[in-house]
Each structure stands twice: as structure tokens, then as C-alpha cells.
């Protein structure tokens with residue numbers, strides 16, 4: 001056992017030596033995983049309560065997704081969009097139907113989906129709405145997290161993500177999240193879209209006030225502005241519905257999807273909208289060599305089919321109710337507040353006890369993996385395959401560190 005115990009520190013040091021320090025990971029070096037559990041290089045098992053920021057909604061190595069990947073690896077992995085392939089049409093059709101939209105545009109990462117949405121909204125504004133050239137603006141929310149490209153960080157209010165990456169891309173107006181009056185005031189004749197997360201994940205799982213999303217939908221309709229819903233973290237079963245917008249019966253003009261769409265196996269993202277919106281794109285105006293590749297399409301099609309059963313949405317809703325009830329019982333006992341929906345929670349820890357980083361490290365020593373954000377807040381987002389017993393175990397470990 002002595003030999004095994006030194007493997008993690010050495011692996012951590014080696015990674016730090018050869019990698020740009022753009023992340024501050026917990027000192028865990030995972031070597032294998034299954035379901036809701038991961039195992040490190042020393043053989044220690046951890047309950048994964050982060051699930052790759054929702055990229056692993058279906059758990060690690062879900063059998064149907066692994067089977068789909070293996071089968072496709074033996075046949076065809078890449079063609080580029082210079083040709084079509086035999087998995088492409090099924091993927092696009094089934095994802096369009098899941099979203100209730102006429103068209104999808106496959107990409108790779110969540111940031112690419114957001115960039116695609118921005119470009120499509122601007123082009124729609126010029127070609128359909130009639131906005132004067134170079135005058136389009138998009139309204140966004142404070143506390144947003146949509147990715148880390150230069151355009152996206154241009155409208156971030158997180159200085160860690162934004163500082164020293166200018167000059168910044170113009171064309172965005174940032175207003176307080178949850179404030180309908182501020183949003184209304186920011187819209188003018190050149191506004192082409194409102195881009196929002198239905199629940200702000202990176203900010204600490206911030207759920208907007210009741211009526212906010214329906215209000216945004218009404219304003220966008222009245223002012224002939226597209227509503228772009230970034231469901232990259234909140235979508236595909238995470239909150240107990242296929243999309244978080246469904247909790248208030250809101251249908252956006254465009255879904256921005258990613259993370260869980262790749263089943264935790266390959267990066268897959270997509271934009272879904274009707275032909276009147278996505279149809280503004282013509283050949284040569286936008287694309288990606290790997291977007292919608294055969295391997296990605298094979299895995300993502302199986303993801304869509306898993307979601308079409310409704311099983312994972314039900315699990316998230318039922319287990320989420322259990323999770324939030326148990327977490328609420330800890331408010332006043334080390335927790336200041338709990339937010340979220342389904343199997344997604346933001347927990348504000350009393351800063352007098354510990355920081356979010358310290359809480360994550362203490363949970364790690366107890367075999368539970370979570371991640372901090374913004375001071376004393378941590379996020380829980382376990383895979384949707386987690387069991388009641390595993391969920392109860394995670395909350396018990398949280399209660400234990402709060403009582404230490």
C-alpha cells in the first residue's frame with residue numbers, strides 16, 4: 001500500500017509541470033469509472049457529485065453509449081462535412097424532434113454552440129428583422145457563463161474569465177439577471193436576441209424569480225427579438241425536465257446544447273431552431289470539420305433516445321426532490337442557502353466555517369467529489385443514474401464536514 005500511496009502526488013506534480021495552469025483541480029487522479037463512481041490511481045473510490053459539469057448526466061461509461069461508440073469505431077469515425085454519412089440524418093432528425101424544432105446545426109463544444117447562436121442571431125437580425133449593417137446588439141445577463149472564447153468573455157462579468165483578454169467584442173448589453181425592467185430597457189430597434197441561461201450554473205445554480213422566463217419570452221415576442229436559451233448545463237434531464245425552460249412552459253427560439261449530448265464520451269454540441277432562424281445560414285458561412293462527425297452522431301443519437309424514454313427526467317425530478325429536502329434540513333446547520341432544481345444544487349456554506357474550496361477538499365477526503373465556485377459556494381450535480389442510497393451517502397458526508 002505504501003507504493004500505491006505515492007502515485008497520486010507524483011501524478012499531480014507531473015501534470016502541473018507540463019500543463020498550463022488554467023484550472024485548479026482537486027488532487028485526485030482518476031484512472032477508471034463506472035456509473036456514479038470513479039477510482040483513482042491508488043485504488044480509492046469516490047462518488048462523483050459533479051458529473052463533468054453535467055457532461056456525464058448518464059453516468060460514466062453508460063453501457064448503451066459505450067456500445068454505440070464501440071460499434072461506430074469499427075465502421076467510420078470522420079468524413080468532414082464535405083460529405084455526408086449514414087449516422088447524420090438520424091441524429092439531426094431525432095434531436096430536432098426532441099427539441100420541437102425544425103432544424104439543428106451540430107458542433108462540438110458548448111462554446112461553439114454559443115458562438116454559433118450569436119452568429120445566427122446577428123445574421124437573422126440583418127436578413128430578416130432588417131437591422132442596419134453592423135448595428136446588431138444582443139442582451140445578456142450579469143453573472144453569465146457561456147464559455148471562454150474571446151467573444152464570449154467580452155460580455156462576462158467574471159473578471160477572472162475576462163481580465164487581460166481585450167480588446168473585447170462589441171455588440172452586447174449586460175443587465176441584471178432576473179430583472180425584467182432592466183431587460184426591457186436594454187432592448188432597442190437594433191436588438192436581435194436575448195441570450196440567457198434558464199438557471200445560471202457557474203454563478204452558483206441561480207434560479208431566476210418565478211415569472212421571469214415567461215416575462216422574457218413575452219418581451220422578446222413583442223419586440224421581435226430572438227430568445228436564445230443556453231441549456232448546455234441545465235438541459236437534457238439535469239433539472240427534472242428535458243430542458244430547464246419547461247419548468248415555466250417557456251419555448252425559446254433557439255436551444256444551445258452541449259455537455260450531456262456527448263454522453264461523457266465525445267464532445268458534441270448543437271443549435272436547434274426553426275427554419276426561419278437557422279435557415280439564414282448558407283454554404284460557406286459557418287461550419288466545423290468535426291461537427292456532427294459519425295462517432296459523435298452515433299453516441300449523441302443514443303443520448304437522444306435515452307432522453308426520449310423520459311426515464312432520466314423522472315429520476316432527476318424524484319431524486320432531486322429527495323436531495324433538496326435533505327439539503328434544506330442543513331440550512332442553519334452550516335449552510336446559509338440552497339438553490340437549484342432536480343439533481344442540481346448550489347450550496348452557500350457559512351464562510352465562518354470554511355471556503356467552498358475547503359469544503360470540496362474535505363468532501364474529497366470522505367470519498368465525495370464536488371466543486372466550489374465563487375467563495376463559499378459549492379455545486380452538486382451527480383449523474384442521473386445515482387441511487388437513493390448513494391445520494392443519501394453524499395448528503396451525510398456533507399453534514400459531517402459541516403459539523404466538524
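Computed from the coordinates by the stated procedures, all read-outs in this text should not be read as laboratory data. All values derive from a computational prediction rather than experimental measurement. Cβ placement follows ideal geometry from the backbone for every residue including glycine, while neighbour counts extend to all protein chains displayed.
Once the Cα atoms are used to define both axes, helix 110-124 deviates from the longest principal axis of the chain by about 10 degrees.
Between 0 and 90 degrees, the angle of helix 7-18 with respect to the longest Cα principal axis of the chain falls at about 40 degrees. Each stretch of four or more DSSP H residues adds -39500 (n - 2.57); spread over every residue of the chain, this sum gives -10500 deg cm²/dmol at 222 nm.
Sorting 333, 127 by the number of Cβ atoms found within 10 Å of their own Cβ, with the fewest placed first, yields 333, 127.
Cβ crowding within 10 Å ranks 172, 165 as 165, 172, fewest other Cβ atoms first.
Under the 0.36 nm per residue contour assumption, what length would be gained going from the current alpha-carbon distance of residue 352 and residue 75 to full extension? Provide the component values of the computation, followed by the final result.
Details: separation 277, 0.36 × 277 = 99.72 nm, distance 5.67 nm.
The residue 352-residue 75 span can extend by a further 94.1 nm.
Where the centre of each part is set by its Cα atoms, how far does segment 271-328 sit from segment 331-404, in angstrom? Using only Cα atoms, the two centres lie 27 Å from each other.
Per-residue Cβ neighbour counts within 10 Å put 83, 312 in the sequence 83, 312, beginning with the fewest.
With a Förster radius of 56 Å applied to the C-beta separation of residue 163 and residue 89, the computed FRET efficiency comes to 0.80. Relative to the dominant Cα principal axis of the chain, helix 212-222 is inclined by about 10°.
Segment 23-37 and segment 223-257 have their alpha-carbon centroids 29 Å apart. Once each part is reduced to its C-alpha centroid, what is the distance from segment 158-203 to segment 52-74 in angstrom? Using only Cα atoms, the two centres lie 34 Å from each other.
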